Every structure is written in C-alpha cells, then in structure tokens.
1. Being among the basic types (Lys, Arg) and surrounded by fewer than 17 Cβ atoms within 10 Å (Cβ to Cβ) is the filter here, so list the residues in segment A:86-119 that pass it.
2. If you check B:THR101 against the conditions, is it closer than 30 Å to A:GLU225 by Cβ, out of contact with any strand residue (DSSP E or B) (no Cβ under 6 Å at 6 or more places or on another chain) and within 14 Å of chain A (Cβ to nearest Cβ)?
3. Quick check on segment A:312-344: of everything there that is closer than 24 Å to A:VAL89 by Cα and of a type in the set (A, V, I, L, M, F, W, C), which residue is nearest to the chain's Cα centre (by Cα)?
4. Among the residues of segment C:70-90, is there at least one that is under 20 Å from B:LEU60 (Cβ atoms) and touching a residue at least 40 places away in the same chain (Cβ under 8 Å)?
5. If the Cβ limit is 7 Å and pairs must be 6+ apart or interchain, which residue in segment A:23-42 that is outside the structural domain of A:ILE414 (by TED's automatic domain parsing) and more than 22 Å from A:PRO274 (Cα to Cα) pairs with which residue that is of a type in the set (Asp, Glu) and in a loop (DSSP other than H, G, I, E, B)?
6. May I ask you to verify whether B:PHE245 is among the hydrophobic types (A, V, I, L, M, F, W, C) and surrounded by fewer than 21 Cβ atoms within 10 Å (Cβ to Cβ)?
7. Only strands (runs of 3 or more DSSP E) wholly contained in segment A:240-358 count here; list those with 2 or more residues that are among the aliphatic types (A, V, I, L, M) and surrounded by fewer than 17 Cβ atoms within 10 Å (Cβ to Cβ).
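The values are calculated or read from the model by the stated rules, or taken from the named source; none is laboratory data. In this text, all values refer to a predicted model and were calculated from it rather than measured experimentally. Counting neighbours? That spans all protein chains shown, and the Cβs are built from the backbone with ideal geometry, glycine included.
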Amino acid sequence: MFDVIVVGGGVIGATILRELTKYRLKVAMVEKESDVAMGQSRANSGIVHAGYDAKEGTLKAKFNLLGNLMMPAYTQELGVKYINNGSIVVAYSPDEIDTLYELKSRGEKNGVEGLEVIDTETLRALEPNISPDACGALLAKTGGIVCPYELTIASIGNAMDNGASLYTDYEVCEIVKGVDYFIVKSIDGRELSTKIIINSAGIGSGDISKMAGDDTVHISGRKGEYILLDRESQGYCTHTIFKTPTSKGKGILISPTVDGNILLGPTAQEVDVPDTDTTSTGLDYVKQTADSMCVRVPHYNTITSFAGVRAYSDTHDFVISHSDKVEGLINVAGIESPGLTSAPAIAKYVVEELVSALLPLVENTDFDGRRQSDHYYSKLDNDSKNKIIAQDPRYGKIICRCEQITEGEIVSVIRRNPRATTIDAVKRRLRAGMGRCQGGFCQPQVAQILARELGIPLEEVTKSGKNSRLIVGKTK
Amino acid sequence: MKNYDIIIIGGGPAGLAAAISAYDNGSRDILILEREPVLGGILNQCIHNGFGLTRFKESLTGPEYAYRFVEEVRSRGIEYMCDTTVLEVSTDKQVTAINSTKGVFSLSAKAIILAMGCRERSRGALNIAGARPAGIYSAGTAQKYVNILGQMPGKRVVILGSGDIGLIMARRMTLEGAKVLAVCEIMPHSSGLKRNIVQCLDDYGIPLYLSHTIVKIEGKDRVSGVYIAQVDEKRRPIEGTEKYFECDTVLFSVGLIPENELSKGAGVSLSPATKGPIVYDDRETSVSGIFACGNVLHVHDLVDFVSEEAEIAGVSASNYAMGKGADRRVVSTTCGNNVSYVLPQMLDTNASGMVKLYFRVNKVLPNPTIRLTSNGEDIVVKKKKIAVPGEMESIVLTPAKLQSISGDVVVSVEE
Amino acid sequence: MDRELTCVECPMGCAILVTIRDGEIVSIGGNNCARGKLYAQNEVFTPKRVVTSTVKLEGGGMLPVKTDRPVDKDKIFEVMAVINSLIVAAPVKVGEVVASDVCGANIISAKEVL
C-alpha cells in the first residue's frame, strides 16, 4: 500500500513526486507512456514566465510568481539548465503600447519585479533583428528559459533516488475506491493500492478524476506547433520575444532555448483528441508570424518541427484542490501556461497544504535534493574526462557526432533513474540524435547499445515505446 | 604534443586517396584519423556496384573500391587511428581528438586535409507535416541497417527524393523482400543518375512520381501511411491531387550536405552554394595549410571524382608541408547562366598542370553549349548532348589556356 | 520496332536507340563505347544485371557479395534465394567464390574478413 500515487509523469507530477520524498512517505508515480515527460512536458515553449500575464487573484498569478522566484535554486539543485534571459513583449503598432502599460501594471500588482517599458531604440539595442514595425516593448527582467523535459526527468530521477517508485507503460483504466484507499488498475492487468491519489495526468486528468469518482474536472486540449532551428542560429535573439497579447492569447514567440537552438511557436488549435501531428497550415502560420515579428529569421536552419497538446480546464484557471466528491483524491489539473514556471511552487503547495491535510508529514532527514546533470560529463575539462576514460573507455567513444555524446554517457542514462529504455528517451536526456543530422548517423548505434544494456534483441528496441519498433526483423 | 607533417581528418575515399598521393609525393609523416572502427567511410555500406568505372575501368562495389585504397594505405605503412573522433581543428593547425585508449588528446600538423564527407538532410529540414512515429529514416540510415546490421527497417516503403541513395535503397529493399510503393521527387526531374532510374526503379516496376512530394505522414507508434501530392512550378502542393499509400516506412533521400562543423571551427570560409569550403584549384582553403577534398568540399555523384580531387589535395598538402609554396596569380570563378556552382572558386592561372573546373547546372539543358569566359573573351567553348543538375560537369584548362585568362572567370551554359 | 534504352554500364547513362526489324537488330546508335553496344544487344533480348547483396557471416555480421558477371534479369530473385540461404565462415578474401554457378554466375565476396 502506497501513501501516495501520482498519476502522470509530466513536470507537475514530477515536482510533486520529488516534494513528497522530502517526507517519510511511500510514494509512486504511474505513467501511461514508456518514459516520463511524454505529454505536454515534452513539447512546450520552455519559458519561465515573469508573471505579468495572469489576472491578479488567480492561481495562475500566484503560482507563476512563486515558481519564477523558486526556479533558479530549484534547477541548480537538480543540475538542470536555466537561463535568466529576460522576456520582452513587443508592440508592433502604436496602439499596442497601452497594452504594455496594462501588462506592466498587472505584473506589479502580481508582485513581479523588474518590469520596464522600453522605447524602440533600447529594444533594437537588445534585439537587433526585431522588425522595423516594432515601436516599443515591455521588458521583463525576471523572465527565463528552462528545458521542460530536462526538469521533469531530473525531478523524477531525484525523487527515485530518494525512494519513490516509477511505473511506466502503466495506463490507468480503472480506479476502485475502498474505504480509505484506492486500487489503481492498469490496462495490462497490474494493480497498485494507495491512500491518496494525486491526479496530474495532463490531458487525461479529466478522465482520471472521473475514474476515481469525481466528474467535475473538465479538460480540453489545445495543440501548439513549433519549429526548431539549428544551433547554428544561436545568438539570433537572446530574449524571449512575445507579441503583445490579444484576446486570442499570447500568440507566437521567438526564443532561444537553453541548448542554444531558436524556437518558433506555438500555434493554438483546439483539438478533440490529443493528436500531436504537425500541419502544413500550422507550420506556415508559425513561419509567417515569426517573419512579421523579426527580420531575417533563419528558417533555412530548421532542423525539426513538433507539436504538443496543452490541457486546460473550463474554469480557465489551474485546478489545484482536494476533490469535493472523493476523499483522498487531489486534482492538479488544467495546468496550462504558466504551468512549467509554476511547477515547483504548485508541488510545494500540494504537499504542504493538501497532502498534509490527509496524512501526517514527517520529514525525511535522508532526503538529498541534489542530482548530477545528465550532461555533466560534457562540461568537464579534458583532464577530468581523461580520468573517467581511463576507468571506463566507453567515455572515449563518440556515438552522436553532432552533439558529441559518448557511449559512456548513453550507458549511464540507461542505468540511472529514471532509466532510458527507448531511442527518444536517450535523446531527451542527452540530446543524442537531436542535432543537425537528427539521428541519421547515431540511431543504429544507440539502438545497439540499448539492446545490449536492456538485454533485448535489436528488433525489440523502440523509438518511444509500445509498437514504435525501429526495425521489423532480420534481412535473412 | 605530437607533430605530424600531414593530418587527414576522415578515412573514407577522400582521406585515403589524399594520404596515398601525399605519400607518393614524398611525405612520410602522415596520420589519418577515422571515427568509425574501420577505414573506408560510407563506401563500406554502399554494397552496390558501379564504383570505379572511370578510375579502374571496371564496376566495383563500394567495399571493393574502398579495399583497393585501404590496401594501398597499408602497403605504404601510412599511420591511421580508427574509432577516433576529431573534436576540434584550430586555425593554427592543432587537432583535438578523442578515443577510448588515449582519451582526449591534441596533435599538431604542418598541413591538414579536411575529408569528413557529408551528411544527409533530415526530414526535419523539410518541415513535412504530420506525425513523428517510428519508421522514418534517411536513406543512408536505412542502408546501414540493411547492409551492415542485416536488419529490415520496414516492409512497405515510400521514398521521398530521387537522390542516388534513395534509388539504390529502393532496389535494395526490394531485393530483401520489401515492397517499394513509390518514389516521389519534388522537382520535375530526377536528382539521381539516369542509370539508377533504369536499374533501380524500372527493373522492379517501382513508380517514380516527378513533381510530387509527401504532404502528410500518418501513424501513431509506427508509420501507417503517407499522402503524396503533385506540386506546382513553385513546388507548392496542388489541392485535389493527393494520393494515399499505406506503408510502414518512409525513406528520405533529399540531399547531402558537406559536414563542415570542424571547418567552421578552424575559421575556413564556406561557400553558400556548395556549403563546403571555398578553395583554390590545389584545394587549399582560406586558411593557409588547411586543405579540403571529397564530399566535405562539394557533394560528388561519383566516388571516382572524389579520389581524383583528393589526390590534388594530397599532393598540395604534401608540397605545403615540405615548404614548397606556390606563387599564385589568382582569379575567381563565378557562375554564369544556368550554373549553380563552380569549384574551385579561386583559380591560380600560374598553375603548371591541367586544372579541372567542376560545376553543376541548375536545370535540365538539352544540347547545351558550355562556355568559359574571362573579360568577355571565350577561353573554352564546348557542346554536350545534355546537362542535368544531378550530374556534375567539368571543363579542363591546360596551362596555356590558364595563361590566357586575363581576369575573373565565368562559367555559363546555354541551351 | 525501335527500342530506346538508357545504358546502365556507366554514369554517362547514354541514350541508345536500337533499331529492330523482324526480330533482328539492324543498328545500334547513341552509345559512346563498346560496353554500351553490348549492353544494348543484351537489353533487347535477354537483359542482364549484376546482383549485389549480403550474406550472413558465421558468428554474426554481414558480408557484402556480388555476382561475378551479369545474370539474366528475370533470374535476380532466384539468385537472391541462394544468397539468402548462404552462411559464410571467415576468413574470406575479396573476390573469393562463396557459391558457384548460380544462374550462370558465381557469388563472390566483396570484402575481406579476417
């Protein structure tokens, strides 16, 4: 019997799981995919918002600010890349300047510091590639960027190092409510029992809540399509550049990523089923909008495009509360933007305020919140690398030539928490295959390493779990 | 730090030929660095025949062609290190590399030859809409799975792009039991060699759809199908022309790009047209003592020409390392009508031997006249039956012709 | 009846015109070499191709192989069936016959395995 089961391995579930391990609790996470960070935490903008967007008094406003303040220390402890690059909201016509002041004033009411409306000249000095139509901007110095799946993986890995269990490919199909416990059943016949369920199932959180007996959580999906440019474009812009928001939302942004790429997107398309297909209309829209925001957008450096589905609640605010209908169920649902920013603050609140109301929390004095980055090796100087290579020659064998990832690093992410068991899982942890050749050279080698380390035949290695096999059998 | 006369980066066809020619020119202190476990480069997975017709007057497979050069390297006792990846080349000709036995280490050289080859353009670069399931490969990756690992990437295949590797893989997958349903080419003409259309597609009844592209890929875990559509003259899909193919695999053969990350790091100037270094006719780059040859310089259709070019670079690097500098009288070469690039970009009109200029046309030109002019004066004029973008053209300049060049050179091709 | 062919003997890919009268070749034009002429003669009546593939190596790995001469085009899959059934033990030299007289050709190794 677990004390708490977290349903859903996105960034929200991840930060909650980690927070739970600070206490003497038996906790587990169930995730329907083969790896964590496979839903919206895999494909979003990776922005640490300053906190001027959300209306004052909302949960979004509250957790955005708190999360923004926590993020630098949180990421540092977990060895996750975070850059405080600052955001700018650009007015592309004089009548949008008023909106900038509205945002500034709203931000200040929310408690955001470092907001400043800047003139065109200052803007141009910050971002030389801004469109000539720009006539001013709101600069938010506390805006930042982080890699959403890196943050998710690191939080879960650290939680597991501190005793949490992870069940992947665990698609919940039924939740049976006992007197003071739940039985959480998976589609492949596994069962786990728990005193508390934390529902952080993203797009599936409406369904999970309903299975547990609460049909009041209504979640819809909005698809966002993105285009990613090669690191060759690094330096094209340094701030995260937004358009002035309209009633339709924040629109397309242009931003550096912590890995040195440039990200364009997202679109915002209502979807009935969580489909992550890109569309030619969507990608064209991203390109055209980016071209209206900045000049000389280096589209020729495109290396990939992708889409994510963001879950939102019909209340248009975060749902973070005990279920009114089912005791022991905590819903953390509808966590759309600024959910990534808010995650550490939401996790703290959920555990300290909501879980504590159901279970006594006793501090886990063995908790160690530090985690070595999956990228630590590449950051070492040559002497330190050579010491490692002398111990383990696999650290001298480059597998991914674009990102210069070694076999030793790949083996390490297959073995450490949370274990990478697919090509995409290795890619999300190390960026092997994420460079300009997009895995053309290294995929067969990564597949062979996975087969060897997991003790499975090569034909059973998958791209991203389930039936996503790379090959269909031997030639002869 | 160990010093060499010549370090060659890459042990594929270009690196091997460069090493042999440098040796035969008198250099002895040569090192080849190769990232794969064996020499030979991409030829090892190109098991089809058709290599070496120009050079050896016979049709060899890739491994056979490579073997001949590897044997030459071995018989000369030229030093090479496999399983060794070069991380950085500096302007002052220091090379930083990594392998399992030495760790990260640095070497220096009097001359460096860049021979890293090229990579395939990926699906991502094309922004093709749809899902991102398993079963999407570049043709070269599929070739590695089939020919080296003996594994089948799929059973029902649609190929985008009529580049030679795509055509070769259409036949290869068919021979190994797969059904290749279609090859789509966005251009109105094939980008591969005509003979490959005949012997790889026609022989097996595989349809080639010219002026077509893939507009959508479907599939959840694994590819389940693709939509292709005809494109207009601006290469935009025409609505209503979509065709659906049920398939489990999509191969991309949409072009090769010289792999110049190391060249850039060394401060070598690159050409936007070839995406490779800008070179003199002796294949020296903009950085003194750094030479380049093969597909890292410009993408060749035939390995025979890679070897030929590498021999030029090998001799030049050898002369450079021995302190035999050339006193150049340089003119630049530029593209005239219907020409997409000319290589070398800089020509030494004092060169003592024959100089071959390579170029590509940007469209199919029947009965073309090829014209090389300088200051409006014809230096070379020749007729051809046909010129196509998929096949590299060349002009040979004798020392006498070179001497007659008075200024920058323009290569043009007229119908 | 005339046949227009693209020669596959070399990368030039010459367009060859074969004029045929009463089942006999009357003339061959457009080729630039003797190989092209021979190709055209074969192509009209009994097209032939060199087959390249891989065979299994004992103990794992693949060995690239080819037929040492062109085989009848309609026998390609017959040749493939033989190739698919072979298992070769190292050491093997380049050019070594790994199966003889398969549809009129030998299957030879294209790689040295020590």
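1. Of segment A:86-119, the ones among the basic types (Lys, Arg) are A:104, A:106, A:109.
Result: A:LYS109, single match.
2. Numbers: closer than 30 Å to A:GLU225 by Cβ: no; out of contact with any strand residue (DSSP E or B) (no Cβ under 6 Å at 6 or more places or on another chain): yes; within 14 Å of chain A (Cβ to nearest Cβ): yes.
So B:THR101 fails the test.
3. So in segment A:312-344, the residues closer than 24 Å to A:VAL89 by Cα come out as A:312, A:316-318, A:335-343.
Imposing the further condition that a residue be of a type in the set (A, V, I, L, M, F, W, C) reduces the set to A:318, A:335, A:340, A:343.
Working: A:PHE318: 17, A:ILE335: 12, A:LEU340: 6, A:ALA343: 10 Å.
This residue is A:LEU340.
4. Here is the first cut: in segment C:70-90, the residues under 20 Å from B:LEU60 (Cβ atoms) are C:70-71, C:76, C:79, C:83, C:88.
When the remaining residues are screened for being touching a residue at least 40 places away in the same chain (Cβ under 8 Å), the result is none.
Scanning segment C:70-90, I find no residue that is under 20 Å from B:LEU60 (Cβ atoms) and touching a residue at least 40 places away in the same chain (Cβ under 8 Å), so the answer is no.
5. Every condition considered, no pair remains.
6. Values: among the hydrophobic types (A, V, I, L, M, F, W, C): yes; surrounded by fewer than 21 Cβ atoms within 10 Å (Cβ to Cβ): yes.
Against the criterion (among the hydrophobic types (A, V, I, L, M, F, W, C) and surrounded by fewer than 21 Cβ atoms within 10 Å (Cβ to Cβ)), B:PHE245 qualifies.
7. On the way: elements: A:240-243, A:253-256, A:262-265, A:269-271, A:302-313, A:319-322, A:329-333.
Fully inside segment A:240-358 and qualifying: nothing.
Per-residue answers, yes or no, for (1) loosely packed, with under 13 Cβ neighbours inside 10 Å; (2) within 11 Å of another protein chain (Cβ to nearest Cβ); (3) more than 30 Å from B:ALA387 (Cβ to Cβ):
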| site | (1), (2), (3) |
| --- | --- |
| C:THR46 | yes, no, yes |
| C:LYS66 | no, yes, yes |
| C:ALA89 | yes, no, yes |
| C:ASP101 | yes, no, yes |
| C:ALA105 | no, no, yes |
